[in-house]
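The values are calculated or read from the model by the stated rules, or taken from the named source; none is laboratory data. This is a predicted model, so every value here is computed, not measured. Note that each Cβ is placed from the backbone with ideal geometry, even for glycine, and that neighbours are counted across all protein chains shown. Keep in mind that these areas ignore ligands, DNA and RNA; they rest on the heavy atoms of the full protein, side chains included. Shrake-Rupley method; radii C 1.70, N 1.55, O 1.52, S 1.80 Å.
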Amino acid sequence: MTVIKNNPKASHAQSTALPSYHCHMPSYLKPRFRVERSDRRCIRCQGCVEQCSFGAQYYDESADRVEAVDTNCVGCHRCVVFCPTSAIEIRHNPVEYRDNAYWRPEVIEDITRQAETGGVLITGMGNDKPWTSYWDKLCLNASQVTNPSIDPLREPMELRTYLGSKPDQVQIDPATGRLGTRLAPQIMIETPVLFSAMSYGAVSINVHESLARAASMLGTLFNTGEGGLHPKLYRYGGNTIAQVASGRFGVHPEYLDVARVLEIKIGQGAKPGIGGHLPGEKISAEVATTRMIPTGTDALSPAPQHDIYSIEDLSQLIYALKEATNYTKPVSVKIAAVHNSGAIASGIARAGADIIALDGIRGSTGAAPKIIRDNLGIPIEMAIASVDQRLRSEGIRNRVSLVAAGGFRNSGDVTKAIALGVDAVYIGTAALIAMGCTECQACYTGRCAWGITTTDDKLTKRQNPEIAAQRIANLVEAWSHEIKEMLGAMGINAIESLRGNRLHLRGVGLTREEADILGVSLAGE
Amino acid sequence: MVNRVRFREDYCVDCRLCEVYCATAHSQSKDVIKAFKDERPSPTRGISVQRRDATSFALNCQHCDEARCAWACVSGALTKNPETGVVTYNPEKCIGCWTCILACPNGAITRDSEKSQIIKCDLCSDREVPVCVAVCPNRALVL
Ligand code: SF4
Ligand code: SF4
Ligand code: SF4
């Protein structure tokens, strides 16, 4: 076997040229994957060579064989899916370390990589550590004998949700019988699932379009992320949450006007307290125009919003946005779930926000320091429970809608989140998986083989919005059906009746303290 | 109206599955591995992916209303089927002069050097939807 060792810094090189054998000092890192090919099956069509954007496949003309550079493989499976003869297998490279429960292979490899590069380790997607997922320790109730369950196929079942601040009380004008109270703007969504903030630049224009189209097909909302909105997507404005983040990229009057909801981004679950850095290579001419920055320059989002150092400052920006849009749109404030989320959320509600978005430690990103992604922030389950509880005990829960984000994997997670106290959830990763993402975590390279986290012209084409929007819509429709089934089983016919109804939840394998924080009883109680 | 396979270069991802399955559909065994690895002569295909830099698209016969290849064909091997509109190739009559290749404005006809004949798309006359359209994973080929 020929051992090919490439410099890790160059491991995501764009070139698909033949590997250079030992032309530099070998890295001590072993390839993570092994690309195996059945020569009996391979017809040398070279589809895999073309599809692999990481340069892990090449055609050796003199030998008439397709070969692999294992070091470059990120395990994205693009080649596997596209190979017409199922000739390719991607396996973990079978290098076995001496068993050690503490110095795990990942730990050794991270240290080695840092010893070789001297840099902060950057990665993509969300926290991949086997930490407790409280969704997996919560059970939902079902009706038996004493209260009837409902068949959602036979009876109406309501998932419609209104996002926006609700009044403390409503007055009916006795003369006309009409509502006398002026309501804050309310946004109707047909299902309590929204698409998380992913900026144009971090993801391709076709991904933005796919999310926008899916949102309009479903009657829900997608979030622009911090990179503005391409003018060709203005027609989906009615399904758009326009984010205003610390870099203020792409924020101008028209952007605010076309959107349905505005969102001030304070933090993000994958990297709380950290700014953003979109490398110049991803800033194509179109991205630059949308972001209103020069082509090819790094787009740096500062860690804090430099005009917000207090709740009072936040309030000023909230009202500046409301003034700018004539009080026609709800303003959301997005924060990462951290230790004092309850108190912070109370401040945000009092500062005039209509929606609070909470993003937990499982939240994903296009690029973040690995150490931050995996260690900062708290689980979203705890944050939802504590924020909902705090707002309720202060009597201001009605003033804001609560939206949670960060690792929602299925309709069970969504339903439990609603029972814990949110109005709706944001999904990001699940929507990308619907488009083809395999969680290979190479988003930060800008070479996503599935054409998702890239602005490369050639790779962008790999997402056809007609197909991708339908796949995302299918996913959310399936979840919506399942949520209806679960509501029916609980004997409830509207999502309204489940919101914050923690009596429908029971904990399994939780300590009494954890159950108390979550505000749930234990199973059997 | 004659059916035509239209390519959409904005969505072609250069995967060549159209080529692979066109050849398989026109092979003896109809089995992708056997067709490519065992069959001699090798199966031919009427579609080919053109590429330069970031652009790629799959080109095949457009079954033109005024088919210049049929007009140019000296032996009557290429004819426009008056009913289906398909530009049909009869290898029995072909003498391998390759005049049609020069006449085709799309470059959709290629040489079969093994047999000194031509290769061109037959719009998969035996199928409802041409195989290239059916297999294209990104809807870069539509009818
Ligand atoms: S895609 Fe499959 S059949 Fe084609 S060259 Fe690669 S391994 Fe061989
Ligand atoms: S396409 Fe993905 S899985 Fe296949 S070799 Fe390249 S990096 Fe590895
Ligand atoms: S199958 Fe479709 S995407 Fe693939 S090369 Fe052919 S036309 Fe392009």
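Using label points projected 7 Å from each Cα along Cα→Cβ, tell me how many nm separate A:Q316 and A:A303, to one decimal. Result: 2.2 nm between the two label points. Remark on segment A:32-190: ratio of C-alpha radius of gyration to 2.2 N^0.38 Å is 1.91. Taken over the protein assembly as shown, the ratio of Cα radius of gyration to 2.2 N^0.38 Å equals 1.11.
Out of every Cα-Cα pair that segment A:33-119 contains, those further apart than 15 angstrom amount to 64 percent.
For segment A:33-119, the Cβ-based charge dipole about the Cα centre amounts to some 260 debye (Lys, Arg positive; Asp, Glu negative; other atoms uncharged). Each Cα pair under 8 Å and six or more residues apart adds its separation to the average, and for chain A the resulting relative contact order is 18 percent.
Of the residues A:I189, A:I90, A:S497, the one whose Cα sits farthest toward the positive end of the charge dipole of the protein assembly as shown, with +1 on the Cβ of Lys and Arg and -1 on the Cβ of Asp and Glu, is A:I90. Would you mind pulling out the separation of the Cα centroids of segment A:317-338 and segment A:480-525, in Å? Measuring centre to centre over Cα atoms gives 31 Å. Inter-chain neighbour count for A:129-137: the average number of beta-carbon atoms from partner chains within 10 Å of each residue's beta-carbon is 0.
Counting only other chain Cβ atoms within 10 Å of each residue's Cβ, the peptide A:39-48 averages 4. For segment A:421-492, the alpha-carbon radius of gyration amounts to 1.41 times the rule-of-thumb value 2.2 N^0.38 Å expected for a compact globular protein.
I'd like the distance between the alpha-carbon centres of segment A:269-290 and segment A:24-77, rounded to an integer number of Å. That distance is 30 Å.
Computed from backbone phi, the HN-Hα couplings of segment B:137-143 come to x, 10, 6, 8, 10, 10, 7 Hz, rounded to whole numbers (Karplus: 6.51 cos²θ - 1.76 cosθ + 1.60, θ = phi - 60°; Gly and Pro given as x). Give the residues of segment A:131-171 whose amide nitrogen is closer than 19 Å to a point set 7 Å from the Cα of A:T511 in the direction of its Cβ. Hits in segment A:131-171 for A:T511 at 19 Å: A:131-138. Once each part is reduced to its C-alpha centroid, what is the distance from segment A:435-449 to segment B:76-90 in angstrom? Cα centroid of segment A:435-449 versus Cα centroid of segment B:76-90: 47 Å apart. Here the simple spin-label model places points 7 Å from the Cα toward Cβ, and for A:I172 and A:H339 these points are separated by 5.0 nm. For chain A, the share of DSSP beta bridges that are antiparallel, to the nearest 5, is 40%. Annotation: amide H-H contacts under 5 Å for B:Q117 (H modelled 1.01 Å from N, sequence separation of 5 or more, or interchain): B:D112. Across chain B, C-alpha contacts under 8 Å between residues 6 or more apart give a mean separation that, scaled by the residue count, equals a relative contact order of 30 percent.
Treating each Cα of segment A:139-522 as one equal point scatterer and applying the Debye formula with no solvent, the log10 of I(q)/I(0) at q = 0.07, 0.08, 0.12 Å⁻¹ comes out as -0.30, -0.39, -0.90.
Seen from A:R471, the other residues with C-beta closer than 12 Å to its C-beta sum to a net charge of -1, counting Lys and Arg as +1 and Asp and Glu as -1.
Work out the mean other chain Cβ neighbour count within 10 Å for the residues of B:31-38 and drop it here as an integer.
Across the residues of B:31-38, the mean count of other-chain Cβ atoms within 10 Å is 4.
Here chain B is treated as an ellipsoid with the same Cα gyration tensor; its semi-axes, largest first and in whole Å, are 23, 19, 15.
Pop out the carbon and sulfur fraction of the accessible area of chain A as a percent, whole number, probe 1.4 Å.
So the carbon and sulfur contribution to the accessible surface is 52 percent.
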